[in-house]
1. Would you mind telling me which numbered condition in (1) near ligand 2 (Cβ under 10 Å from one of its atoms); (2) surrounded by 13 or more Cβ atoms within 10 Å (Cβ to Cβ) residue 73 fails?
2. Restricting to the range 91-108, and then to whatever is loosely packed, with under 15 Cβ neighbours inside 10 Å and in a helix (DSSP H, G or I), can you tell me which residue is nearest to ligand 2 (Cβ to nearest atom)?
3. Kindly indicate whether any position in the range 8-20 is among the hydrophobic types (A, V, I, L, M, F, W, C), in contact with a helix residue (DSSP H, G or I) (Cβ under 6 Å, 6 or more places away or on another chain) and modelled with pLDDT under 85.
4. Quick one: in the range 158-171, of everything that is part of a loop (DSSP other than H, G, I, E, B) and in contact with a helix residue (DSSP H, G or I) (Cβ under 8 Å, 6 or more places away or on another chain), which residue is nearest to residue 137 (Cα to Cα)?
5. Among the residues of the range 36-63 satisfying the criterion of being assigned to a loop (DSSP other than H, G, I, E, B) and in contact with a helix residue (DSSP H, G or I) (Cβ under 7 Å, 6 or more places away or on another chain), which is nearest to residue 97 (Cα to Cα)?
6. Of all residues in the range 79-90, how many are assigned to a loop (DSSP other than H, G, I, E, B) and near ligand 1 (Cβ under 9 Å from one of its atoms)?
7. Sort out which residues of the range 40-57 are more than 10 Å from ligand 1 (Cβ to nearest atom), closer than 13 Å to residue 84 by Cβ and not basic (Lys, Arg), and write them in order of number.
8. Report yes if some residue within the range 58-68 is under 23 Å from the mean Cα position of the chain (by Cα), at pLDDT 90 or above, among the polar types (S, T, N, Q) and within 16 Å of ligand 1 (Cβ to nearest atom); otherwise report no.
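The values are calculated or read from the model by the stated rules, or taken from the named source; none is laboratory data. In this text, all values refer to a predicted model and were calculated from it rather than measured experimentally. Here the Cβ is made from the backbone with ideal geometry for all residues, glycine too, and neighbour counts use every protein chain on show.
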Amino acid sequence: MLSILPVTKIVIETGPFDIQKIKNPDIEGKDYQNGPMKDFFHVREYVLYRDGHKCQVCGASGNIPLEVHHIIPRPKGSDAPDNLITVCPNCHDGIHHGEITLLKKPPKSYKYETMMNIMRYRLLDGIKEIFDGEVGLTYGADTKSKRIDAGLKKSHAIDALMISGNTQALPCGVVYKRTKKRAHNRQIHRAKFSKGGIRRRAQTDFEMFGFRLGDRVLFEGKEVFVTARRKSGYFKVGLPDGSFVKDGVNYKKLKLIERAKGTLTVSEQRKDLMIAA
Ligand SMILES: [Zn+2]
Ligand SMILES: [Zn+2]
């Protein structure tokens, strides 16, 4: 990514919630302007995770908007996880109408903490080793509350904007995606033999005239990538953001700079991201 955009800060969303905000909800401390609601997003995500994203009454899960019920109602009862339980909207209604009695008690467990902390700091250390700038952490619960505040729909790109912390940034409408590059044409194996019993190759050659798909090459003084190859020796070259594309380029005019890596960056125009433009 650093080759496309000047990145000065990396923010990583390392998990759905911050366990510290659940254990010590800072409701009246310095974070007061972010309010108890913000911390409650973390508690809510934690409770859903703890309960396996399943209604603790009927077991419903999947494509239903699960809710978190206060066992002892507020303001008497707290917003702590041991007073909260995951229920589906139907059962939630039933509980509040006295038709369903909750039998199950929420477990008291922070097992998740150890696992997440190990993963989080391993990831953070790895990134600090290869990146010079500032590296920060965030959580899914923060991303979600920022997105709701901004009144935006859920999508990977919008979540990325929320994660960055610079939620007022104007999206340019182009999304860069890292995808696994294919080194061959992916065709299904041809079982049939042609006349003469010689089996045709099911794939294009891994290397063609010494070039692979995705190789970084020099063409007329410009650094471009090989995006298509043909047996005729005339290739297609271009830049990942689509700002340069040229077809019918003789391979002899290309000079290899760097072999293709496992991933290729592609760009995509996204109208839904032109929110503020
Ligand atoms: Zn239910
Ligand atoms: Zn309730």
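1. Going through (1) near ligand 2 (Cβ under 10 Å from one of its atoms); (2) surrounded by 13 or more Cβ atoms within 10 Å (Cβ to Cβ) one by one, residue 73 breaks only (2).
2. Going residue by residue through the range 91-108, those that are loosely packed, with under 15 Cβ neighbours inside 10 Å are 93, 96-99, 101, 103-105, 107-108.
Narrowing further to those that are in a helix (DSSP H, G or I): 93, 96.
Values: 93: 9, 96: 6 Å.
Across the range 91-108, the extreme among qualifying residues is 96.
3. yes
4. Step one: list which residues in the range 158-171 are part of a loop (DSSP other than H, G, I, E, B), which gives 165-171.
From what's left, in contact with a helix residue (DSSP H, G or I) (Cβ under 8 Å, 6 or more places away or on another chain): 167, 169, 171.
Values: 167: 16, 169: 19, 171: 22 Å.
If we take residues in the range 158-171 being part of a loop (DSSP other than H, G, I, E, B) and in contact with a helix residue (DSSP H, G or I) (Cβ under 8 Å, 6 or more places away or on another chain), then 167 is nearest to residue 137 (Cα to Cα).
5. Restricting attention to the range 36-63, the residues satisfying the condition of being assigned to a loop (DSSP other than H, G, I, E, B) are 51-53, 55-60, 62-63.
Filter once more, keeping what is in contact with a helix residue (DSSP H, G or I) (Cβ under 7 Å, 6 or more places away or on another chain): 55, 57-58.
Values: 55: 17, 57: 15, 58: 16 Å.
Ranking the candidates gives 57 first.
6. In the first step, residues of the range 79-90 are kept if they are assigned to a loop (DSSP other than H, G, I, E, B); the result is 79-80, 88.
Checking the rest, the ones that are also near ligand 1 (Cβ under 9 Å from one of its atoms) come to 88.
Of the residues in that region, 1 qualify.
7. Applying the first criterion (more than 10 Å from ligand 1 (Cβ to nearest atom)) to the range 40-57 yields 40-53.
This time we only want the ones that are closer than 13 Å to residue 84 by Cβ, so: 40-51.
If the condition is that a residue be more than 10 Å from ligand 1 (Cβ to nearest atom), closer than 13 Å to residue 84 by Cβ and not basic (Lys, Arg), then 40, 41, 42, 43, 45, 46, 47, 48, 49, 51 are the ones that fit.
8. Within the range 58-68, one or more residues are under 23 Å from the mean Cα position of the chain (by Cα), at pLDDT 90 or above, among the polar types (S, T, N, Q) and within 16 Å of ligand 1 (Cβ to nearest atom).
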